[in-house]
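Below is one structure; the comments refer to it alone.
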Amino acid sequence: MNCKIYITDEGFGPIVRQSAIIEEFKNINDDINVTLQTQRQLSAAKRIIKDIAFEEKFNNITWSKTDEGSPDLTAIHRDFSDYGNISEAFIKTELENFDYDFLITDFVYEAFEVARRKKIPAFGVSHFTWDWFFSKLYPTPVSDDVLNRFLAYAGQAEVLYFPPFTPKEILNHYKKKAVEVPLIVRKHVSQLKSANDNKFRVLIMDSGAGVLGKQIQKALAKVSDLKDFQFYISSAFDFDAENIRAINKNSLFMDYIPHMDLVIGRAGFNTISECIAYRTPMLLINEAMNPEMNENIINIKHEGLGSFISINQFTDKLDKFLPKFITHEYRIIYENMKTHEIRTDGAKVVAEDIMNRVG
């Protein structure tokens, strides 16, 4: 049985989710042949996912960012100005030499239309949809034609799987297709051990697209005197201090989460999922004009599993913020993390449901 997976080029989240689902597929039926298609994150996908085939190709979904990490509305409008023609050309090319029994997408709309024309099932896996994301920006940077095309394509799905904290608007809109599942995280992580130095261990994470690089560099200069803390950062940052240790930039930072006392990073859904799975408190960096991040922060604050820090506080005042945070709010978050009952077996649930549907 042959499966093709289409993922966007935005961050590591889709790669990690699909790696977890692929692992569960192999547990159910080792004869499944999987091909994953992406472009920008191809090298990362090859490091994380083993024993599958890959195709390097841009899958039509991305969004441009300003230097501050916020959506660049002008650039997004430009990128999608000819989307209809680009989309049709993409579908036409995909239909050539096509030999798959079902598709999964996280979250590339054209995959649903390819599946419809080939009369095979297509399954969506995502925490949010791009029609929702772009419609939440003001002014909306893409045309009604683009949004309508998104909606029409997604309407061809067999099932759309959504984990916890998916915006209610999305669940309501796609209620005829939506199936809610537990968090999707990997079952196994590398047993990477941080030094046993009795310091408070903090992992500072950027996105896969390097959105917060400049801000992290500035923040590091502020925390180098916090001797009771041990910070872990990517080796991509050229910073030398006794309380700052570099992790190889090609490593999967998610593998370090179980060994940390706190994770600081963007409010991306994959980071949140891994922190919940390994019960590690999180401090989420708020980004202006990013509907996904805003929604995630609201949900995590409501559950008492994390807190947030503004981008300005993170950049300029992290040395003052952290000691106070650890003394007070952190303790509440820590206890909530240890006692939550959020399921994290979403990959198994998705894989089993798909296999039951495709036979």
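The values are calculated or read from the model by the stated rules, or taken from the named source; none is laboratory data. Just so it is clear, the structure is predicted and the values come from calculations on it, not from any experiment. Cβ sites come from the backbone with ideal geometry, for glycine too, and all protein chains shown count toward neighbours.
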Check on Phe308, outside the structural domain of Glu180 (by TED's automatic domain parsing), aromatic (Phe, Trp, Tyr) and modelled with pLDDT under 95: yes
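Determine whether Asp51 is surrounded by fewer than 18 Cβ atoms within 10 Å (Cβ to Cβ), outside any helix (DSSP H, G or I) and acidic (Asp, Glu).
Details: surrounded by fewer than 18 Cβ atoms within 10 Å (Cβ to Cβ): yes; outside any helix (DSSP H, G or I): yes; acidic (Asp, Glu): yes.
Judged against the criteria, Asp51 is a match.
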Checking Thr62 against (1) modelled with pLDDT of 95 or more; (2) surrounded by 14 or more Cβ atoms within 10 Å (Cβ to Cβ), the condition it does not meet: (1)
Residue satisfying condition, being more than 22 Å from the chain's Cα centre (by Cα) and on the phi < 0 side of the Ramachandran plot, within set Asp106, Asp79, Asp101: Asp101
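Taking the condition β-branched (Val, Ile, Thr), in contact (Cβ under 8 Å) with a residue 40 or more places away in the chain and not in a helix (DSSP H, G or I), does Val146 pass?
Values: β-branched (Val, Ile, Thr): yes; in contact (Cβ under 8 Å) with a residue 40 or more places away in the chain: yes; not in a helix (DSSP H, G or I): no.
So Val146 does not fit the description; no.
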Cβ-Cβ under 6 Å pairs, at least 6 apart or on other chains, region 230-255 side in the same structural domain as Glu274 (by TED's automatic domain parsing) and under 16 Å from Ile15 (Cβ atoms), far side surrounded by fewer than 17 Cβ atoms within 10 Å (Cβ to Cβ) and at pLDDT below 85: Asp255/Ser190; Asp255/Leu192
Any pair with Cβ under 8 angstrom, 6 or more apart, that starts in region 152-172 at a residue that is closer than 19 Å to Arg17 by Cα and among the hydrophobic types (A, V, I, L, M, F, W, C) and ends at one that is modelled with pLDDT under 95 and surrounded by fewer than 20 Cβ atoms within 10 Å (Cβ to Cβ): Phe165/Asn299
Yes/no for Pro141 being outside any helix (DSSP H, G or I), in contact with a His (Cβ under 7 Å, 6 or more places away or on another chain) and buried (at least 18 other Cβ atoms within 10 Å of the Cβ): yes
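Which of the strands (runs of 3 or more DSSP E) contained wholly in region 209-273 include at least 2 residues that are farther than 20 Å from Glu287 by Cβ?
Numbers: elements: 229-234, 244-247, 262-266.
Ranges flagged: 229-234, 244-247.
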Some residue of region 104-113 being touching a residue at least 40 places away in the same chain (Cβ under 8 Å), under 17 Å from Pro14 (Cβ atoms) and among the charged types (D, E, K, R): yes
Criterion (within 30 Å of Asn286 (Cβ to Cβ) and either hydrophobic (A, V, I, L, M, F, W, C) or assigned by TED's automatic domain parsing to the domain that holds Thr8 (or both)) met by exactly one of Lys136, Lys46: Lys136
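I want to confirm something. Restricting to region 56-78 and keeping residues that are acidic (Asp, Glu) and in contact with a Lys or Arg (Cβ under 8 Å, 6 or more places away or on another chain), which single residue is farthest from Lys249 (Cα to Cα)? Before the answer, list the steps.
Step one: list which residues in region 56-78 are acidic (Asp, Glu), which gives 56, 67-68, 72.
Narrowing further to those that are in contact with a Lys or Arg (Cβ under 8 Å, 6 or more places away or on another chain): 67, 72.
Numbers: Asp67: 21, Asp72: 26 Å.
Ranking the candidates gives Asp72 first.
Of the residues in region 1-40, how many are hydrophobic (A, V, I, L, M, F, W, C) and assigned to a helix (DSSP H, G or I)? Full working, then the answer.
We begin by selecting, within region 1-40, every residue hydrophobic (A, V, I, L, M, F, W, C); these are 1, 3, 5, 7, 12, 15-16, 20-22, 25, 28, 32, 34, 36.
So of that shortlist, the ones also assigned to a helix (DSSP H, G or I) come out as 15-16, 20-22, 25, 28.
Here the count works out to 7.
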Any hit, region 337-344, residues being of a type in the set (A, V, I, L, M, F, W, C) and outside any helix (DSSP H, G or I): yes
Within region 170-217, tally of residues that are of a type in the set (Lys, Arg), at pLDDT below 85 and within 30 Å of Ala122 (Cα to Cα): 1
Positions within region 254-283 being of a type in the set (Phe, Trp, Tyr), surrounded by fewer than 24 Cβ atoms within 10 Å (Cβ to Cβ) and more than 18 Å from Asn198 (Cα to Cα), in sequence order: Tyr278
One residue from Asn2, Asn60, Asn33 being more than 28 Å from Ile86 (Cα to Cα), out of contact with any His (no Cβ under 7 Å at 6 or more places or on another chain) and of a type in the set (S, T, N, Q): Asn33
Conditions (1) in contact (Cβ under 8 Å) with a residue 60 or more places away in the chain; (2) part of a loop (DSSP other than H, G, I, E, B); (3) crowded, with 18+ Cβ neighbours inside 10 Å: number failed by Ala288: (3)
Residues within region 103-130 that are of a type outside the set (Asp, Glu) and outside any loop (DSSP other than H, G, I, E, B), tallied: 15
Residue within region 314-334 that is closer than 24 Å to Thr166 by Cα and surrounded by 14 or more Cβ atoms within 10 Å (Cβ to Cβ) present: yes
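Looking at region 300-310 only, could you name the residues that are in a helix (DSSP H, G or I) and surrounded by fewer than 18 Cβ atoms within 10 Å (Cβ to Cβ)? I'd like the intermediate steps shown before the answer.
If we filter region 300-310 for residues that are in a helix (DSSP H, G or I), which is where we start, we get 300-303.
Those that are in a helix (DSSP H, G or I) and surrounded by fewer than 18 Cβ atoms within 10 Å (Cβ to Cβ): Lys301, His302, Glu303.
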